[in-house]
Each structure stands twice: as C-alpha cells, then as structure tokens.
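The values are calculated or read from the model by the stated rules, or taken from the named source; none is laboratory data. Because the structure is predicted, anything quoted here is derived from the model rather than measured. We place every Cβ from the backbone using ideal geometry, glycine too, and count neighbours over all the protein chains shown. Remember, those area values only see protein heavy atoms, side chains included, never the ligands or the DNA or RNA. Shrake-Rupley method; radii C 1.70, N 1.55, O 1.52, S 1.80 Å.
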Amino acid sequence: MALTLSFHALGRRAFLHAVAASSLIATRPRAVLGALDPAQSVITIRLTARPGRAALAGAPYPATGVWCYGGSVPGPEIRVRQGSRLRAEFENRLPQETTIHWHGVRVPNAMDGVPHLTQPPVPPGGTFLYEFDVPDAGTFWYHPHVRSAEQIGRGLYGALIVEEDDPDALPCDRDVTWVLDDWRLMSDASISEDFGNLRDVSHGGRLGNTVTVNGQVTETFAVRSGERLRLRLINVANARIFGLVFEEHEPVVVAIDGHPTEPHKPDGGRIVLGPGMRVDLVLDLNGAPGIQTRVIDTYYERAAYRLLDLTYASAPQRDRAWEAPPRPLPPNPLSEPTLATAEHHEVVLGGGMMGRMTHAMVDGQRLEARELFRRGMAWSINGVAVPQDRHVHEPLAALRRFASYVLTIRNDTAWPHPMHLHGLVFRVIARNGRATPRREWQDTVLVPPWSSADIAFVADNPGDWMFHCHILEHQAAGMMATLRVP
Ligand code: C2O
Ligand code: CU
C-alpha cells in the first residue's frame, strides 16, 4: 500500500492544454442556452476507449495495464461552455462492448449511453456519435455503462467541466480538478482481477488499496500563499466513499454534483463524496510560505490515511489573502418542483450482509436470498433485484411528464448507498424526515444505513432513466431500477 509518487501539478495542466489544442476541432461564438442557434458553439472531440498503461503507483512499481479513454487515466478533461453543443465521436477499441454515459448531464434520452435501453452497445471496433446540448454549468464526468464495475474499475472515466456562461462567476487564481479513484492493485501494481467477487458485492463494494488523484498516487500538491483555488472533486471510485479534511484550512463548498449551493463550510470541516458525486470547493490558501499541511481522508474512521500534502512555495502568490467570501454561483436552469401538489413515492433499498432481505423478485419470479446469492445478486429496490446490465426491465414507476415528485428513499440495509438518477436533477429536501437546510440540487444522494432521504424533482425530461446505486458492485448485484417519463 505504501506507494509513492511526486505529483507534478503543472505537468497535468500542460497536458490539458495539449488535449484542448488537438481535440477542439471547431469553436464558434456561443449561443443562447439550449437553443439550436446557428451561432451556438459546437465542440467536437474524438474519444477512443482502449487498453493502455498508466503509472498509477509510480516508481519503483511498473505501469499498470488499464483501460482508458484517449490513452490516459483519467481520460481527457473535456471543457465546454454552458449552452454549447458537445459532439463526441467515440470509437471502441476495447475487447468488450461499451458505451459512454455523461454522468449528471441532462442529455436527451438517446444520448444517455445505457445499452439496449437508449442505444445499441458499441461493439469492439465500433463507433458511436454522441451529440447533445449542455444545459447546466458545473463539474460532471463520463464513463461507460456496460459492466461498469469492471470497465470503470479498469480506468475508463474522465472529467467533463461545463464552464459558467459568465466567465466572472467565481473569480479565483486557479481552477483545478482532482479525479479521485481507488484501485485494488496486486504487489506488481497490476489490477486485481477479482471483479464481482461475492464478498465485495454483498458488503461495501470493491474497496481498493491504492488511492489516486488524477491517475497517480500523489504525495504533494503545490500551492502558494494567498491563492484562491476552485477545486473540483470527482469521486470515480467503484465503492470508496471519501471524507476529506484539509487540515488548517477552511474549504467552502460552492457546488454539489455540479449545481450551485449556498457557499458553506461542510459539517465538521469534512467533505464527503460517495461514488459518482462531485463537490466544488473554494480553497483559500492562507498558510505561510514554505509550510506543508495535510489533506486526510477520515471517512472510514479506523482506516484514515493521508491523501497528500499541500506544499506551499516559498514565494507567496500575493501578500494579502482574498478577503471576500465566494459569492453564490449563478443557478442552473432547473425546474422547481411544486411540493404542495407533488406525488409521493416510497423507494426501499434492501439486501446485503447484516440486512433483513429474505427474498426478492427477479424477472417476475420470487427468489430466496440464498438463490439470489448463487446468481450473484444481493440487493433490491422495492423488493426487485435486477440482474447485471439488464437495463431493459419493468420500470419502477411511470411518471407524468412535467409533474412534480417526491421520492422517499429508505435505506433498509446496513450499508450506505449513493443513489444516482439519470437525466433529471433533484433537490434533497429532507433526511430522516427532517428538512435539509440548503435543499441541495444533486444527481447522486448518499443515503446512510438505516436512514432515509427525500428527493424532489420535476419529471421534465422524457425517457427511461436509470436509478441505481453508484457503488458499482451493488448496481451489478440488483440495486438498479428505471423511472419512465413519457
Ligand atoms: Cu455514473 Cu448510471 O451512472
Ligand atoms: Cu449501494
């Protein structure tokens, strides 16, 4: 586990510039949000999924054989302006079929990347053109939706950053992305091939032994006194939940899952991200020149570790820190649910070790827990377990278009579940029946064991939308459903 690597922040940025230069084929002046305006800017990129090698662990370890987009882990960071149109010419050079899902982006259903449900899977050697408008600013990501536990677990993911229409929305010195992943590596730094083992599946998922930031085990991150960073955190791990503490600093959360929230200090100073989630922080670097402070992950209390050190340069960025606290980001164009008339549904999560699930329905058939287990399933939603990648199945609910809904997600298991909804963004309005103070807009809500979360949304995007746990082993082992918006 004790793997070392020095982190070259500037190298990463230099790489991003190279990507931008080669992959931005056409850019025109940007247009009115969402409209097919002839002046709308269209960003065209080419993305190839293929096997590659990545120096995850760093010397003295050899590079790790991975699957990745564009030859690197993470794949290229895609940056577009809010309201523009993204065209991604995708080619599959993997030995398996695959797709791309644009996590958190409110795409038309046909662009959602769910095999069989919204598109045919892309076979080895095949291509697919994704093309859609990007309505919301924020921090998003892209990943496959076929055998996700294995494909994402081997390194297929990248950041999708949608810049605010107003370039002065959040003044700062640097805009930095940390893609957080957790790998299960063997002692020769190769990926452990035990994907889908039943112990992981029935407990907390595939927890690894090597945490990377932007595809590398990272020791230090270089900063300067007086700097203000916008730090975009993306949790792409199969199963690991992060709880980051920036010692001696007071990060301010300004967005969750891409969407602006009232700027606030997180509870206990700790930023919690379940798999799939993103948090945008404003980090004022108020330490003295030359000092070093730690960023630690304390989510699993008995397995806390140091993620990396913030290393201050001897020369400050400026003499005085930024004084004004960050202003709220401009809101995204989301439909406000009408709570007074909203229809209420209950969604019960069941299963897993130390739970009380005795049986579940699979393809209309009642199966006892032991038989479910034999078939690699351990979880249910409202008593139904959906087999791995059975994306076409009976919807959990058929909704009325443009109607408002409140779903109470009741976690009746001993494990936390980050529940992700495609195509729609919801407010988290209550936890355990008590109103949340900020009613955050999110696309993934982490629901702790034996607790509940109420989410509210308007069903304004037509299509069949996946609703699943983003602990990918749970998704594969039954914890997946569909909401239908006609
Ligand atoms: Cu990020 Cu259905 O996934
Ligand atoms: Cu789960």
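The number of residues in segment 35-56 being in a loop (DSSP other than H, G, I, E, B) and buried (at least 22 other Cβ atoms within 10 Å of the Cβ) comes to 1. Within segment 429-450, being open to solvent by less than 20 Å² (accessible area, probe 1.4 Å) and of a type outside the set (Ser, Thr, Tyr) holds for ALA430, GLN442, ASP443, VAL445, VAL447.
Here's the yes/no breakdown for (1) open to solvent by less than 50 Å² (accessible area, probe 1.4 Å); (2) farther than 24 Å from PRO448 by Cα:
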residue	(1), (2)
ARG302	no, no
LEU310	yes, yes
PRO316	no, yes
ASP319	no, yes
GLU323	no, yes
PRO333	no, yes
PRO337	yes, yes
THR341	no, yes
LEU349	yes, no
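Sub-6 Å Cβ pairs linking a first residue in segment 176-192 that is closer than 17 Å to LEU156 by Cα to a second residue that is hydroxyl-bearing (Ser, Thr, Tyr) and surrounded by fewer than 21 Cβ atoms within 10 Å (Cβ to Cβ), at least 6 apart or interchain, are TRP183/THR210; ARG184/SER192; LEU185/THR210, ordered by first then second residue. Within segment 420-457, work out how many residues are among the small types (Gly, Ala, Ser) and within 27 Å of ALA137 (Cβ to Cβ). Going through segment 420-457 one residue at a time, the tally reaches 5. Within segment 458-476, if we keep just the residues that are in contact with a Pro (Cβ under 9 Å, 6 or more places away or on another chain), outside any strand (DSSP E or B) and open to solvent by 10 Å² or more (accessible area, probe 1.4 Å), the residue that is nearest to HIS143 (Cα to Cα) turns out to be ALA476. Checked against (1) among the hydrophobic types (A, V, I, L, M, F, W, C); (2) under 28 Å from GLU150 (Cα atoms); (3) in a strand (DSSP E or B), PHE373 passes all but a single condition, namely (3).
Each residue in segment 165-182 was checked for being in a loop (DSSP other than H, G, I, E, B) and of a type in the set (S, T, N, Q), and 0 of them qualify.
Per-residue answers, yes or no, for (1) of a type outside the set (Phe, Trp, Tyr); (2) touching a Ser or Thr at 6+ places or on another chain (Cβ under 7 Å); (3) modelled with pLDDT under 95; (4) within 16 Å of ligand 1 (Cβ to nearest atom):
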{"residue": "PRO123", "(1), (2), (3), (4)": "yes, no, no, no"}
{"residue": "ASP136", "(1), (2), (3), (4)": "yes, no, no, yes"}
{"residue": "GLU150", "(1), (2), (3), (4)": "yes, no, no, yes"}
{"residue": "GLY155", "(1), (2), (3), (4)": "yes, no, no, yes"}
{"residue": "ASP188", "(1), (2), (3), (4)": "yes, no, no, no"}
{"residue": "ASP194", "(1), (2), (3), (4)": "yes, no, no, no"}
{"residue": "ASN197", "(1), (2), (3), (4)": "yes, no, yes, no"}
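Counted as qualifying within segment 255-314 are the strands (runs of 3 or more DSSP E) with 1 or more residues that are among the polar types (S, T, N, Q), namely 259-264, 292-297, 305-312.
The conditions of being part of a loop (DSSP other than H, G, I, E, B), within 28 Å of PRO60 (Cβ to Cβ) and modelled with pLDDT of 95 or more are met by ALA237.
Give the residue that is nearest to ligand 2 (Cβ to nearest atom), with candidates limited to residues of segment 133-164 that are among the hydrophobic types (A, V, I, L, M, F, W, C) and part of a strand (DSSP E or B). Only one residue tops the list, namely TRP141.
Scanning segment 365-395 for residues being free of Cβ contacts under 8 Å to residues at least 12 places away in the same chain and either touching a Leu at 6+ places or on another chain (Cβ under 7 Å) or open to solvent by less than 70 Å² (accessible area, probe 1.4 Å) (or both) gives a total of 1.
Please tell me if THR413 is part of a strand (DSSP E or B) and either outside the structural domain of GLY205 (by TED's automatic domain parsing) or in contact (Cβ under 8 Å) with a residue 24 or more places away in the chain (or both). For THR413, the condition - part of a strand (DSSP E or B) and either outside the structural domain of GLY205 (by TED's automatic domain parsing) or in contact (Cβ under 8 Å) with a residue 24 or more places away in the chain (or both) - is not met.
Among residues of segment 270-289 that are among the acidic types (Asp, Glu) and at pLDDT 95 or above, those with a Cβ under 7 angstrom from a residue that is open to solvent by 10 Å² or more (accessible area, probe 1.4 Å) and not in a strand (DSSP E or B), sequence gap 6+ or separate chain, pair up as ASP284/ALA321; ASP284/TRP322. I'd like to know if segment 341-352 contains one or more residues that are more than 16 Å from ligand 2 (Cβ to nearest atom), charged (D, E, K, R), outside the structural domain of GLY204 (by TED's automatic domain parsing) and not in a loop (DSSP other than H, G, I, E, B). Checking segment 341-352: at least one residue is more than 16 Å from ligand 2 (Cβ to nearest atom), charged (D, E, K, R), outside the structural domain of GLY204 (by TED's automatic domain parsing) and not in a loop (DSSP other than H, G, I, E, B). Here segment 285-300 is the region considered, the condition is being of a type in the set (A, V, I, L, M, F, W, C) and over 19 Å from ARG318 (Cβ atoms), and the residue that is least open to solvent (accessible area, probe 1.4 Å) is VAL295.
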